[in-house]
Amino acid sequence: MLIHSVHLPHYKNSAESPTIELPLPDKVIISMAQHLGAPCTPTVAIGDKVKIGDIIGNSEAVMSAPVHASISGTVTAITDVLHISGRNMSSVVIESDGKGEISDRIKPPVVNNREDFLKAVRESGSIGLGGAGFPTSLKLGYDRTEYHPDYLIINGAECEPYITSDYRCFMEEGEKILDGIRLILKYLEIPKCIIGIEKNKPRAIAKMTELCKNDSNITVKALKSSYPQGAEKTLIFSTTKRVVKEGCLPITSGCIVVNSSTVAFISDYIKTGMPLVKRRITVDGNIVKKPSNFMAAVGMSIGEIVYHADLSEKPDRILLGGPMMGACAFDIDYPLAKTSNALLLFANSPVYKPSACIRCGRCVSACTMNLLPTELEHAFDMRDAERLKKLNVNLCVNCGACSYVCPAKRNLAEKHQLAKAFVRKQSAVKK
Amino acid sequence: MAKLIIEPSPHIKSAMTTQKIMLCVIIALLPALIASVWIFGLRALVMTVVCCAACVVFEWITRKIMKRENTISDLSAVVTGMLLAFNLPVTLPFYMAVIGCFVAIVIVKQFFGGIGQNFANPAITARIVLMLSFTSYMTTWAEPFYYKNPDVITTSTPLASDTPAEITDLLLGTTGGCLGETCAIALLLGGIFLVVMKIITPVTPVCFIGTVFVISLIATGDIMQAVAAILSGGLILGAVFMATDYATTPMTTKGKIIFGIGCGLVTMLIRYFGTMPEGVSYSILLMNILTPLIDRFTVPKAFGEVKKGGKSKK
């Protein structure tokens, strides 16, 4: 079986820019919605003093992860901030005392068994750092009576253009990634691990191959540089030839996919107890003079991060995440989220005008899920929920490859997202 | 702070546009046009220009009357004009060619919604309409190089003649026929260009031409006659440029295979059993009509798709 993909320009301009640790900001706005699933509820009140690593938001929900203070100072506001998803989300505003003090409660967790490990992962506030933000504790905390995964797959594909934050993690923290893998394999009793890295990162492949040469159960797999290689189901197929069935989680195919930077963070947390309060972010785009990788505090304003990368002119488009799946920021003061792996700034960016579909079929041969994007668009335009279901609109992973290749510049991926919501609504109405 | 653009992802798009695709097709048709001018004289060029101009003008007028956005800049009307001209005898009166352009653009293309919406290939349908309306004009073929020797004007196409044509004549196109269909080498050159530029996949032409080859090989038992069969008539032009039209042919590879083989079968049925010497245009038109049906039965299986009604865990 052959899986469809598209070839994208790489633009990995920041690949050889070592990560620069940014100074702590004077103010952070930390959203309670840093992950997929239930947002946290603030656990602090206005006027509270907090230090780095203190919990400021938590939730009882299974699909969630706690949120921690990324600077030391005083909580000055708890307010709704317009989230990039378009909804208002409760956020905690902390103004710095300039000391950068670390919480007294930060100490390495005691981990002796699987339960301790999962508890530690939950408390670390870990989420998928590749961009989707799936809570790591939930991913690793599968039902052990039902599933016995054969593979831990480390997602180091980084198939989106521009982004190099995972690559920098491989180059700078390869040992941590390996250590994190060993921890997961040990506590979850998973027999094998495959590290998937695209071939456009030969140095990362070489480095990881060298590092894990003594671990017979860990292998590095060089993947074709194609988009969307890093999509979970695509990656599982590329590394193990296994197919994740429609509507099933990867665990049903005996695989768990974790992002490389997430694994490095887990290793760090088990050693130090410092929760997820900062992350590596690539700053690039056609007006960025110094394409860079920064380590920045969660909640820092993107305008402040950009300041360190030097812009040649004013941006007309700011993206959080990659150019294929990232979202447009609507404000230069938007705060950095745990999920933001890139900050891309563009000026004079083209705005395309869609024209009529010419049925060329490029979208069909681009779709990694083997769907018919143009037919889906047509079915949505006709508001035909039955046909949408028949054409498996729910399987669309919103990778955007169809919109990318379309010569008529139709916004197919956008339509599919709307179509999914439409089908959900129709099904709800029926019930 | 300047205004920021807010758009759904993806935020980058490929450089390929509809206009570029059409431009590639026009470029791919140029070798055959040059060959045609060499074989049939300057009137071949004039005929092509007349058809292109008429198609563009008809498209512009129709869009204007329908108060729709004008689409002449996508160059698809130029492609239709060229293809129609290539399907006409060089001696056809210009007014008839213009009637063909009207049929192609106004009736077949615009009445059904414009680019991408037409169910039948405009140039082929127009050719068939002209064939039925002006049969004698449409079947009077000029002798190659007739412009150098005005005494001998008409000849028959290799398919209608009793003496088999030389393979070299078929490759070079120095035989009777429509002005753009005779030179196999030039047409194949254009086809290779389209494949290299990833404008078309070779699936349909290979299936179409392959089917014709296999059937004539079985029927005649002679490999040279089978080669002559694929080089004669409008087969190469039809298979490379008309059976690969996006709007009127299937989108999936499986669909393209069915389409190509179907075209080959119908072509050979007409060539062997029909009253007409050539069946390429009818076969493509017939398969155009079957395309929605082929599309319906060739929906690819989605990655990880489970049969509806089947059980799926979690």
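Considering only the Cα atoms of the stretch A:373-430, their convex hull presents on average a projected area of 3.6 nm².
Using a simple spin-label model with pseudo-atoms 7 Å out from Cα toward Cβ, A:Lys99 and B:Thr253 lie 6.6 nm apart. When DSSP beta bridges are limited to those with both residues in the stretch A:114-272, what percentage is antiparallel, rounded to the nearest 5? Bridges in the stretch A:114-272 are about 5 percent antiparallel.
Rounded to whole numbers, the Karplus 3J(HN,Hα) couplings from phi for the stretch A:253-260 are 9, x, 10, 10, 10, 10, 5, 4 Hz, using 6.51 cos²θ - 1.76 cosθ + 1.60 with θ = phi - 60°, and x at Gly and Pro. Highest average first, the peptides A:174-182, A:416-424 ordered by how many other beta carbon atoms sit within 10 Å of their residues are A:174-182, A:416-424.
Remark on the protein assembly as shown: Rg and Dmax equal 31.5, 107 Å (Cα only).
Can you tell which of B:Asn288, B:Asn70, B:Asn87 shows the greatest fluctuation in a Gaussian network model of chain B with Cα springs below 10 Å? Of the options given, B:Asn70 has the highest mean-square fluctuation. Using bins of 5 Å that start at zero, the share of Cα-Cα pairs per bin across the stretch A:221-284 amounts to 4, 14, 20, 17, 16, 15, 12, 3, in whole %.
Other protein chain C-beta atoms within 10 Å of residue C-beta, averaged over A:345-358: 4. Peptide packing: for B:202-215, B:6-19, the average count of neighbouring Cβ atoms within 10 Å per residue gives the ranking B:202-215, B:6-19, highest mean first. Every helix of 4 or more DSSP H residues in chain A counts as -39500 (n - 2.57), and over all residues that averages to -8000 deg cm²/dmol at 222 nm.
All C-alpha to C-alpha distances of the stretch A:17-88, sorted into 5 Å bins beginning at zero, yield P(r) values of 3, 15, 23, 22, 18, 12, 5, 1 percent in whole numbers.
In terms of its C-alpha gyration tensor, chain B comes out oblate, because a/c is 1.5 or above while a/b does not outweigh b/c. R0 = 51 Å: FRET efficiency of A:Ala61 with B:Ala219, Cβ-based, nearest 0.05? That pair, A:Ala61 with B:Ala219, gives E of 0.10. For the stretch A:191-197, putting each phi into the Karplus relation 6.51 cos²θ - 1.76 cosθ + 1.60 with θ = phi - 60° gives couplings of x, 9, 9, 10, 9, x, 10 Hz, in residue order, rounded to whole numbers and with x for Gly and Pro. Here the calculated FRET efficiency for B:Ser133 and B:Val227, from their Cβ-Cβ distance with R0 = 56 Å, stands at 0.95, rounded to the nearest 0.05.
Projected label points at A:Cys248 and A:Glu16, each 7 Å from Cα along the beta carbon direction, are separated by 4.5 nanometres.
Under Stokes-Einstein, with the Kirkwood radius over Cα pairs as Rh, the value for the stretch A:114-272 at 4 °C and 1.567 mPa s is 84 µm²/s. Here r is the Cβ-Cβ distance between B:Gln117 and A:Thr272 and R0 is 56 Å; the resulting FRET efficiency, rounded to 0.05, is 0.35. Here the label points at B:Tyr95 and A:Asp26, each 7 Å from Cα along the C-beta direction, are separated by 8.4 nm in the simple model. The Rg/Rh ratio for chain A, using Cα coordinates for both the radius of gyration and the Kirkwood hydrodynamic radius, is 0.95. Close amide-amide hydrogen proximity is noted between A:Arg317 and A:Phe346, B:Ile5, each under 5 Å apart and 5 or more residues distant or on a separate chain (H modeled in the peptide plane; Pro and chain starts excluded). When chain A is treated as a Gaussian network with alpha carbon springs shorter than 10 Å, the biggest mean-square fluctuation among A:Thr43, A:Thr374, A:Thr339 belongs to A:Thr43. GNM on chain A, alpha-carbon springs under 10 angstrom: the most fluctuating residue among A:Ser14, A:Ser103, A:Ser292 is A:Ser103. Each DSSP beta bridge with both residues in the protein assembly as shown is either parallel or antiparallel, and the antiparallel ones are about 60%. Dipole check for chain B: with +1 at the C-beta of Lys and Arg, -1 at the C-beta of Asp and Glu, and the Cα centre as origin, the magnitude is about 1880 Debye.
Values in this text are rule-based calculations from the coordinates and carry no lab data. The structure displayed is predicted, hence computed values, not measured ones. Positions of Cβ are generated from backbone atoms using ideal geometry, with glycine treated the same way; all protein chains shown enter the neighbour counts.
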